[in-house]
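Every read-out reported here was derived from the displayed coordinates using simple, explicitly stated rules and does not represent laboratory data. A quick note: this is a predicted structure, and the numbers were derived from the prediction, not measured. Please note: Cβ atoms are built from the backbone with ideal geometry, for glycine as well, and neighbour counts cover all protein chains shown.
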């Protein structure tokens, strides 16, 4: 999650959140938090509408955004000591858990569908071949003795 999105959820300014993180940087190893580089920031900005919150007077952010992984978000509650921070963290972690459950259930569903396809593909193949055969038989019946297709009335 982006620093500005988390700051909004926590009800603090982005610079306040980032300052708290930098004061406790030892709690945020690379797998908890990282900073976007210039190119990544440009790509990110091109994909969203940037509001004027957190924008410097020269038209851009003063620093490149911080991005937090799930463990980094969990660590934020220890850095931002407030009831709201704790409540927000609980909700964010619950959301991550639900996302993982959804991904896992979709994976299970995809696996089940693939198993059904393997099991029933041979039956469907027979059905499609029978339909094709019937269709070809019908075409042959429509040709009269002169080789023309259709019936003359």
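Points to keep in mind about this one:
- Each Cα pair under 8 Å and six or more residues apart adds its separation to the average, and for the stretch 3-100 the resulting relative contact order is 34 percent.
- Ordered by the count of other Cβ atoms within 10 Å of each Cβ, fewest first, 75, 2 give 2, 75.
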